[in-house]
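We did not get these values from a lab; they are worked out from the coordinates using the rules stated. Values in this document were obtained by computation on a predicted structure and should not be read as measured data. Glycine gets a Cβ as well: all are built from the backbone with ideal geometry, and neighbour counts include every protein chain shown.
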Amino acid sequence: MPHLEIHNLTVSYEKNQPTLKQFSLNVEQGELVSLLGPSGCGKTTTLRSVAGFIRPDAGQILINGQDYTRLPPNQRDIGLVFQSYALFPHLTVFHNVAFGLRMRRIPKEEVHNRVANALRMVGLEAFADRRPAQLSGGQQQRVALARATVIEPQVLLLDEPLSNLDARLRVDMRQEIRRTQQQLGITTLYVTHDQVEAMSISDRVVVMNQGDIEQIGRPESIFAAPETAFVADFMGFDNHFNAAVASVRDSLLTVNWGDAPIELPWRSKFGSAQAGAMAEIFFRADSASLLAGRDASGLAGQVILHTFHGNEVIYLVETEVGEFSIMQDSDGERFESGATVTVQADTKKWIAIIEESEL
């Protein structure tokens, strides 16, 4: 039996305009599942419903088989880590972490031991007597994590916990959160709009769009094999163009790339592909390359602009099929704006997606 079960959850802030539409999800004991998607997709609404801050219009929330749907937040055995940390500024680190235990009337000696262990786990035992204003952003986030986990909750909920940190701290805190979650074996629901964050921290990723699940799976599957155009675009397949399907063979279909046929794996949530259907072809900037001048091995184009990104240069290239971003090593051949180039396809990493209306 799953540890956290969400069945047909529907939430509406305005009449007849549901933010969540019969949303269902099961999370296993000790699993970390990320809800990933753009602002307004329903991920925070899902989290707040599990926490008890929102009463759903319909549906059911079960934790370890117990119905939590109508329980108030203070009666749910849940740990929360907020985007804003929500630490008490007048309390020390020790007393911030101890707050939940004292509200549960845990004996004083046990409070001391559990807080000490929690601070040791997040590397803050030397900061027990400091107040939040005396800590860095990363340290405050670790205090919030210790406070949420010290109560040994049934489920841990994290709502955009790293969005207030700089890039380097986010990397460090991702590792800290994952290490702590695995060490404690806590079932965790994690909300983020950051694809890299979700990929690096999760057992499974749920990509959400307008209150629905677009795709759910392991990070590797979501990253490499998106099932819809929305997921492909959201997961960094920056380049796309439409093409008619020339033929279909098992899991591969053929379309034209300029004058040349190319064979690609295809995805659809809705059925089988067929010749004549329109497919949307997606590829990332690093799965194509540029040659100087015109060459029959690829698609002719012209460099519109280029931007330097340290180890890579990204070129925007205009072709007869469309404009594409192509990534090249910065120590390789460089192309100036206006240069004539040939775009060569590394189709092993390309995908074709066919939506329902094309089947």
Quiz item: What is the distance, in nm, between label points placed 7 Å from the Cα along the Cα-to-Cβ direction at S84 and at E320?
Solution: 5.7
Quiz item: Using a Förster distance of 45 Å, how high is the FRET efficiency between Q29 and S163, based on the Cβ-Cβ distance and rounded to 0.05?
Solution: 0.95
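Which entries in K43/K348; K21/K349; K15/K269; K21/K269 show an alpha-carbon gap greater than 22 Å? Please report the intermediate quantities before stating the final value.
On the way: K43/K348 32 Å; K21/K349 33 Å; K15/K269 30 Å; K21/K269 18 Å.
In this structure, K43/K348; K21/K349; K15/K269 exceed 22 Å between Cα atoms.
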Quiz item: For the range 78-161, rounded, prolate or oblate, judged on the Cα gyration tensor with a ≥ b ≥ c (square roots of eigenvalues), a/c < 1.5 rounded, else prolate if a/b > b/c?
Solution: oblate
Self-check item: Dipole of the range 4-230 [Lys/Arg +1, Asp/Glu -1 at C-beta], most positive-end residue of M121, T45, L9
Solution: M121
Quiz item: So what's the angle, to the nearest 10 degrees on a 0 to 90 scale, between helix 167-184 and the longest Cα principal axis of the chain?
Solution: 60
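So, counting K/R as plus one and D/E as minus one, what does the shell of residues with Cβ under 15 Å around F308 add up to? Write down the numbers at each step before the final one.
Values: positive: R334; negative: E312, D329, D331, E333, E336.
Net charge in that neighbourhood comes out at -4.
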Quiz item: With the Cα gyration tensor of the range 241-287 giving a ≥ b ≥ c as the square roots of its eigenvalues, does the rule (a/c under 1.5 for rounded; else a/b larger than b/c for prolate; else oblate) give rounded, prolate or oblate?
Solution: oblate
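Quick check on the range 1-123: take the gyration tensor over C-alpha atoms, sort the square-rooted eigenvalues as a ≥ b ≥ c, and tell me if it's rounded (a/c under 1.5), prolate or oblate. Each step should come with its number before you reach the end.
Numbers: a/c = 2.17, a/b = 1.87, b/c = 1.16.
Verdict is prolate for the range 1-123.
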Self-check item: Between helix 137-149 and the chain: long-axis angle, C-alpha atoms, 0 to 90°, nearest 10
Solution: 60
